[in-house]
Amino acid sequence: MAKLILSMDGLVLKEYTLTKERTTIGRKPHNDIQIDNLAVSGEHAVIVTILNDSFLEDLGSTNGTSVNGQAIKKHFLQNNDTIELGKYKLKYVNETAAPNKVPEEFEKTMVLRPDAIPAALSRSAANAETVNTAISAPITPAITSSQPMRPLSESQALRLSTSPPMGTPVEGAPSVPQVQAEPGAAAIQVLSGGLAGRELVLTKALTTLGATGKQVAVITKRPNGYFITHVEGDKFPIVNGKAIDMQAHALEDHDIIELAGVKMAFFYKD
Amino acid sequence: MDLGQALEIASCTDPGMVRSHNEDSVAADPANGVVVLADGMGGYNAGEVASGMATAIITTELQHAIGERPLHWVDPANGVSLAHGLLVEQIAKANGSIYQAAQTQAQYAGMGTTLVAAIFYDNRAMVAHIGDSRVYRLRGNVLEQLTKDHSLLQEQIDSGMLTAEQAKFSQNKNLVTRALGIEAFVEPEISEFDVRVGDIYLLCSDGLNDMVSDEDITMTLQTLSTNLRLAAQQLVQLANDNGGRDNISVILVKVLRDFAVHRGWRDRIFSWMK
């Protein structure tokens, strides 16, 4: 469950858990989070929570609301975001993406029972403010399997993507496809025929070689290196004088490839 | 009508790099133009059981049902084509069986599965889906997602709470709002699409689209369209290279030829008179 830690001048004042679908923040006593300070408006802001996601919205307050130093109207809260209202700070903590989560649990699809679907999302939700949808309503959880995790192969050195589109650094967000380790830059240099001397740098995950309808092969760029695979044609690509088979063939520095009558060299750049 | 000449089908399913079991299931009946994919969920190996039941029941039942009356025949009682009706019927059967099993066997309690099923007939594709497994179509150079996920995340996007970009950072991923086998009755979403020669259809579980960008999927299908089996393997490999955090399944259907149903002059006149 996500929570908010209220502080001022570095001193922690109180901790709030985001249990309700709407958590109001303001100076007036009816607010869920009451901050008794003149710099805070009577109804300053609201946090709408849909299960594990929370959204902050400024309610047209006099002095505005900021997140991580930037003034916002509406903001999709991420773990460790700091909300600023006047001199008060509210730190948003959402450990659903905690790194200590068992890998087997990542990405496990679960079913939301109809009664657990937050009312805020239904079309008739306009008057749903007084309806406190039980966010903690049972979701059928997958029972954690006690099977050992399949070991990741050594080539899977993963780096977390560090540039989310909203400009807010997202800590440990495993749900974002991670940038894989890259092999060194490599290229193909044509050695024979009309295009001799031409160099083609292998930047994409897949690079096609050959002539459609005659003979086509593809070079795949993977975390652990480059591989050549036959795609179509009666003849298979020849690497260092020997024809490869149906399987992907790992390319070594300075390998000579022969394909569709053209000779080319594969090499790593510097 | 044997669609084996008109359609080329390739599939690949993989447990991924993290999971020990593969709870996805894929099945195809090329002669009848039927493809089915399911992503199971549930404790222990219940997910495997649910998805396996879904693909087996639906392919087998459709195989038996197709052939007597042409799929494009429209039932005058409800204006629904036979293909549509058959899909609804067999999906309901699968749902009933999975639900029953879940109710009667303790180790299967709560099990369910997503589903995508398609019947190709008469230059058309009738697509049914439940959950967040998807169908894409590559036509020309454009990849289009043909199904909308039945998921909490999609509902957030639909209600304007999140943009598609922000959705990547949602913690509500992988929560489906509809699944097969969870309740006594479930309503699949069914749509019909016109099919053209050259089209490539991709059915996949979220283990693919969560790990591989649309750009990479498009590039892979375009580059390897002449070797569909390699294209399917390459998609799975890409998902694994990007982390492979879930089971990955793909079914590719490439349209090689026209497969319009030959209509006699009587049929044509009657359909014109409707």
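Do you know which of the residues in the stretch B:16-50 that are over 17 Å from B:Cys204 (Cα atoms) and among the polar types (S, T, N, Q) is farthest from the other protein chains (Cβ to nearest Cβ)? Here the answer is B:Asn32. The strands (runs of 3 or more DSSP E) located wholly in the stretch A:182-270 that include 1 or more residues which are surrounded by 12 or more Cβ atoms within 10 Å (Cβ to Cβ) and free of Cβ contacts under 8 Å to residues at least 60 places away in the same chain occupy A:199-201, A:206-211, A:215-222, A:225-232, A:255-259.
Highlighted here are the strands (runs of 3 or more DSSP E) found entirely within the stretch A:7-100 that include at least 2 residues which are within 14 Å of chain B (Cβ to nearest Cβ) and touching a Leu at 6+ places or on another chain (Cβ under 6 Å): A:45-50, A:53-58. For the stretch B:87-95, check the following and say yes or no: at least one residue is part of a strand (DSSP E or B), buried (at least 24 other Cβ atoms within 10 Å of the Cβ) and at pLDDT 95 or above. No, that holds for no residue. Taking (1) closer than 20 Å to B:Ile9 by Cα; (2) modelled with pLDDT under 95 in turn, B:Val127 satisfies each apart from (2).
Taking B:Arg19, is it basic (Lys, Arg) and crowded, with 24+ Cβ neighbours inside 10 Å? Spelling it out, B:Arg19 is indeed basic (Lys, Arg) and crowded, with 24+ Cβ neighbours inside 10 Å. A:Ile50 falls short on exactly one of the conditions (1) out of contact with any Pro (no Cβ under 8 Å at 6 or more places or on another chain); (2) closer than 26 Å to B:Ser159 by Cβ, and that condition is (1). Among the residues of the stretch B:158-167, those identified as more than 7 Å from chain A (Cβ to nearest Cβ) and either of a type in the set (Asp, Glu) or more than 23 Å from B:Ser205 (Cβ to Cβ) (or both) are B:Asp158, B:Gly160, B:Thr163. Hey, does the stretch A:165-180 have a residue that's modelled with pLDDT of 65 or more, surrounded by 14 or more Cβ atoms within 10 Å (Cβ to Cβ) and closer than 20 Å to A:Leu251 by Cβ? Checked the stretch A:165-180: no residue is modelled with pLDDT of 65 or more, surrounded by 14 or more Cβ atoms within 10 Å (Cβ to Cβ) and closer than 20 Å to A:Leu251 by Cβ.
If the condition is being among the charged types (D, E, K, R), in contact (Cβ under 8 Å) with a residue 12 or more places away in the chain and part of a strand (DSSP E or B), then the stretch B:103-145 contributes B:Arg124, B:Arg134, B:Arg137, B:Arg139.
Checking A:Phe227, A:Phe266 one by one, the residue that is at pLDDT 95 or above, more than 21 Å from B:Ala239 (Cβ to Cβ) and of a type in the set (Phe, Trp, Tyr) is A:Phe266 and no other.
Only one of the numbered conditions (1) more than 9 Å from chain A (Cβ to nearest Cβ); (2) surrounded by fewer than 20 Cβ atoms within 10 Å (Cβ to Cβ) is not met by B:Tyr108, and that is (2). Of the strands (runs of 3 or more DSSP E) that lie entirely inside the stretch B:1-85, those containing 2 or more residues that are touching a residue at least 12 places away in the same chain (Cβ under 8 Å) and over 22 Å from B:Glu187 (Cα atoms) span B:7-14, B:24-29.
Within the stretch B:146-154, not a single residue is farther than 15 Å from B:Glu187 by Cα, at pLDDT below 95 and assigned to a strand (DSSP E or B). Assessment of the stretch B:212-223 against the conditions (under 27 Å from B:Ser97 (Cβ atoms) and crowded, with 24+ Cβ neighbours inside 10 Å) yields no matching residue. The lone criterion from (1) more than 29 Å from A:Pro118 (Cα to Cα); (2) at the interface with chain A (Cβ under 9 Å from one of its Cβ atoms) left unmet by B:Val142 is number (2).
The values are calculated or read from the model by the stated rules, or taken from the named source; none is laboratory data. Small disclaimer: the values here were computed from a predicted structure and weren't measured. Here the Cβ is made from the backbone with ideal geometry for all residues, glycine too, and neighbour counts use every protein chain on show.
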